[in-house]
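J.: Below is one structure. I have some questions about it.
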């Protein structure tokens, strides 16, 4: 329950990779029992634009995105530490329009986005406990690490500007720390996205991208019966792309703010979560608003 703007750009690079860099998910390192299994179905609606340099051939880029995502998470013991693994596969509908070299262009796609695998371990302050012992545990300060892998399974057409898949692997190591004071949780995460080369990018191009640094901060308040509300903040910087070795001056620099509310429904095995976040300062990159609804079922 606890649980870019290149000279020829693909919209998935702008929105899918951007959402990766700026995802804001509280309770990522929360202490939970081992042996927990959970399935989650989520729906995300996002709409916005991309801020480009004045010299960019792409202007007035607007995108609307609807994504259904099915995910699974399991907790287990690794070297006496609490560990978890999560996998997810999104399916979506994307519509976008822009001016490319002064000409209006638009497109839409329906299909799978790239898959995601996340593996994490809480190294400090989070013993591996089965449900009976977990009931007596009081969480204080927790430090954890994780690795997210973006798997290039999404729909991709090399001859198209608009794609759902990115045709490359992505890897994000992250450090996370949380501290509990009564009903308040304070959380801070820092990670870096690294991407492999897309050697088949828009016909004859190969595409490389610099690392994207991402930071998250959360303040959560827990109510009775497992409900909580969180204020979320995020910052992303980096990610300049290169086409055949030529820099595209499209480094991302933006701040985001959002909130999350989670509550059990029907019984202790089911919960729903509502998340909304929006850009508050964008010098370059993605400036969008996203609303996410999540239904989760968990069991031991």
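J.: Want the number for residue 247 to residue 215: 0.36 nm per residue separation, take away the alpha-carbon distance, what's left?
T.: So the chain would gain 9.1 nm between residue 247 and residue 215.
J.: Can I ask one more? How are the C-alpha pair distances of the range 11-299 spread across 10 Å bins, as whole percents from the shortest bin up?
T.: Going out from 0 Å in 10 Å bins, the range 11-299 shows 6, 27, 37, 19, 9, 2, 0 percent.
J.: Roughly what would the spin-label model give for residue 145 and residue 66, points 7 Å off Cα along C-beta, in nm?
T.: A separation of 4.2 nm, rounded to one decimal place.
J.: Can you compute the modelled spin-label distance between residue 79 and residue 276, with each label point 7 Å from Cα toward Cβ, in nm?
T.: Inter-label distance under the simple model: 4.3 nm.
Any read-out appearing in this document is the output of simple, stated calculations on the displayed coordinates, not a laboratory observation. All of these numbers come straight from a predicted model, not from anything done at the bench. Heads up, the Cβs are rebuilt from the backbone with ideal geometry, glycines too, and the neighbour counts pull from every protein chain shown.
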